[in-house]
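K.L.:
Dropping the structure in here first, questions after.
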Amino acid sequence: MRLRKEGFTYAYISKETGLSKSTLSGWLAEVPYTPNKEMVAALGNARAASTERKTQIRQREMKEIKRKATCEVGDLSDRDLFMFGLGLYMGEGAKTHDIVRIANADPAIIKCMVAWFKSLGVKKSQFSARVHLYPDSNVSKSLQFWSEVCALPISQFQKTSIDKRIDKKKKKDGKLPFGTLHLGVRAGGRKEFGVLFSRRILALLEVVRENT
């Protein structure tokens, strides 16, 4: 975010950080952009000005879309948030009868699910996490990133998994800089959060499907 605010292009930031331009455009779409002298010199005045205009137009469009979306969503009730979390689990969660776990690369999704699990009574100490990475990822930085996202100590993270399959590497390079997080819930001595918790969630999902 700092480099974008300082007026650097996605291409420049991509080269400096190793993140793909598509990833950067998703993360930094709403950050104000005015090319600095270095970028103007590299791009040329006309091209730099054109890039700035396009960025401003896109940001105005995104701001208006966000305004309309805020009106459409309105105030969220506890039930709204409960159903939202259930929907996320339906798409991304484990469906076996003895495991409660969700996997995702989006930190916003993981934050939502941490909050959702807590709303169901899960304590912080009951969470377990495993980071799934690709060979170009930095293990220590990724662990720190997800630790901050989940507000969990690294001591609650299992051994990091690294996918070394050759056919996967080129497709994933730069696209998932911090990999995917697998967030699980352990019983932690509380019987209702063992197998029964998995069955509870699966029953909730079944009821939703039956009434859709």
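K.L.:
Any chance you could count how many residues in segment 161-184 are more than 15 Å from the chain's Cα centre (by Cα), at pLDDT 95 or above and open to solvent by 20 Å² or more (accessible area, probe 1.4 Å)?
P.N.:
So the count comes out to 0.
K.L.:
Continuing with the same structure: Take LEU152 and decide whether it is aliphatic (A, V, I, L, M), crowded, with 16+ Cβ neighbours inside 10 Å and modelled with pLDDT under 95.
P.N.:
In short, no.
K.L.:
Test CYS71 against the stated conditions and say whether it is open to solvent by 80 Å² or more (accessible area, probe 1.4 Å) and either of a type in the set (A, V, I, L, M, F, W, C) or in contact (Cβ under 8 Å) with a residue 40 or more places away in the chain (or both). Before you say what the answer is, go through the steps one by one.
P.N.:
On the way: open to solvent by 80 Å² or more (accessible area, probe 1.4 Å): yes; either of a type in the set (A, V, I, L, M, F, W, C) or in contact (Cβ under 8 Å) with a residue 40 or more places away in the chain (or both): yes.
It is true that CYS71 is open to solvent by 80 Å² or more (accessible area, probe 1.4 Å) and either of a type in the set (A, V, I, L, M, F, W, C) or in contact (Cβ under 8 Å) with a residue 40 or more places away in the chain (or both).
K.L.:
Name the single residue, out of those in segment 128-141 being small (Gly, Ala, Ser) and at pLDDT below 95, that is nearest to ARG165 (Cα to Cα). Quick ask: steps written out before the conclusion?
P.N.:
So in segment 128-141, the residues small (Gly, Ala, Ser) come out as 128-129, 137, 140.
Imposing the further condition that a residue be at pLDDT below 95 reduces the set to 137, 140.
On the way: SER137: 14, SER140: 21 Å.
Looking at the filtered set, the residue picked out is SER137.
K.L.:
While we're here: With the structure loaded, tell me whether SER25 is among the small types (Gly, Ala, Ser), over 30 Å from ARG101 (Cβ atoms) and in contact (Cβ under 8 Å) with a residue 60 or more places away in the chain or whether it fails that test.
P.N.:
Numbers: among the small types (Gly, Ala, Ser): yes; over 30 Å from ARG101 (Cβ atoms): yes; in contact (Cβ under 8 Å) with a residue 60 or more places away in the chain: no.
Taking the combined requirement at face value, the residue does not satisfy it.
K.L.:
Oh, and also: Out of segment 59-104, which residues are farther than 17 Å from VAL208 by Cβ and among the basic types (Lys, Arg)?
P.N.:
ARG60, LYS63, LYS66, ARG67, LYS68, ARG101, listed by residue number.
K.L.:
Every residue in segment 132-148 that is of a type outside the set (S, T, N, Q) and either closer than 13 Å to GLY179 by Cα or touching a Phe, Trp or Tyr at 6+ places or on another chain (Cβ under 8 Å) (or both), please.
P.N.:
Filtering segment 132-148 down to residues of a type outside the set (S, T, N, Q) leaves 132-136, 139, 141, 143, 145-146, 148.
Of everything in segment 132-148, those that are of a type outside the set (S, T, N, Q) and either closer than 13 Å to GLY179 by Cα or touching a Phe, Trp or Tyr at 6+ places or on another chain (Cβ under 8 Å) (or both) turn out to be HIS132, LEU133, TYR134, PRO135, ASP136, VAL139, LYS141, LEU143, PHE145, TRP146.
K.L.:
Got a number for residues in segment 15-42 being open to solvent by 30 Å² or more (accessible area, probe 1.4 Å), outside any loop (DSSP other than H, G, I, E, B) and within 26 Å of ASN138 (Cβ to Cβ)?
P.N.:
Counting residues in segment 15-42 that are open to solvent by 30 Å² or more (accessible area, probe 1.4 Å), outside any loop (DSSP other than H, G, I, E, B) and within 26 Å of ASN138 (Cβ to Cβ) gives 8.
K.L.:
Applying the selection to segment 132-149, what residues are β-branched (Val, Ile, Thr) and open to solvent by 70 Å² or more (accessible area, probe 1.4 Å)?
P.N.:
We begin by selecting, within segment 132-149, every residue β-branched (Val, Ile, Thr); these are 139, 149.
Once the filter is applied, which keeps residues that are β-branched (Val, Ile, Thr) and open to solvent by 70 Å² or more (accessible area, probe 1.4 Å), segment 132-149 yields nothing.
K.L.:
Does segment 44-58 contain at least one residue that is farther than 27 Å from HIS132 by Cα and either modelled with pLDDT of 95 or more or not in a helix (DSSP H, G or I) (or both)? Walk me through it before giving the result.
P.N.:
Within segment 44-58, the first condition is being farther than 27 Å from HIS132 by Cα, and the residues that meet it are 44-58.
Narrowing the set further to residues that are either modelled with pLDDT of 95 or more or not in a helix (DSSP H, G or I) (or both) leaves 44.
Within segment 44-58, one or more residues are farther than 27 Å from HIS132 by Cα and either modelled with pLDDT of 95 or more or not in a helix (DSSP H, G or I) (or both).
K.L.:
Under 6 Å by Cβ, and 6 or more places apart or on different chains, what pairs join a residue from segment 178-206 that is more than 18 Å from ILE109 (Cα to Cα) with one that is among the charged types (D, E, K, R)?
P.N.:
VAL195/ASP98; SER198/ASP98
K.L.:
Here are some conditions: (1) modelled with pLDDT under 90; (2) surrounded by 15 or more Cβ atoms within 10 Å (Cβ to Cβ); (3) among the aliphatic types (A, V, I, L, M). LEU120 meets all but one. Which one does it not meet?
P.N.:
All conditions are met except number (1).
K.L.:
Is it true that PHE82 is open to solvent by less than 60 Å² (accessible area, probe 1.4 Å), among the hydrophobic types (A, V, I, L, M, F, W, C) and farther than 30 Å from SER137 by Cα?
P.N.:
Values: open to solvent by less than 60 Å² (accessible area, probe 1.4 Å): yes; among the hydrophobic types (A, V, I, L, M, F, W, C): yes; farther than 30 Å from SER137 by Cα: yes.
Yes, satisfied.
K.L.:
Now for a separate question. Looking at segment 144-157 only, could you name the residues that are under 15 Å from LYS111 (Cα atoms), among the aliphatic types (A, V, I, L, M) and part of a helix (DSSP H, G or I)?
P.N.:
VAL149
K.L.:
Return the pair list, or none, for Cβ contacts closer than 6 Å from residues in segment 126-148 that are farther than 30 Å from LYS191 by Cβ to residues that are assigned to a helix (DSSP H, G or I) and open to solvent by 50 Å² or more (accessible area, probe 1.4 Å), at least 6 apart or on different chains.
P.N.:
If the second residue must be assigned to a helix (DSSP H, G or I) and open to solvent by 50 Å² or more (accessible area, probe 1.4 Å), the pairs left are TYR134/LYS172; PRO135/LYS169; LEU143/ILE154.
The values are calculated or read from the model by the stated rules, or taken from the named source; none is laboratory data. Fair warning: this is a prediction, and the values are worked out from it, not measured in the lab. Virtual Cβ from ideal backbone geometry, glycine too; neighbours counted across all protein chains shown. Areas reflect the complete protein model, heavy atoms only, side chains present, ligands, DNA and RNA absent. Shrake-Rupley method; radii C 1.70, N 1.55, O 1.52, S 1.80 Å.
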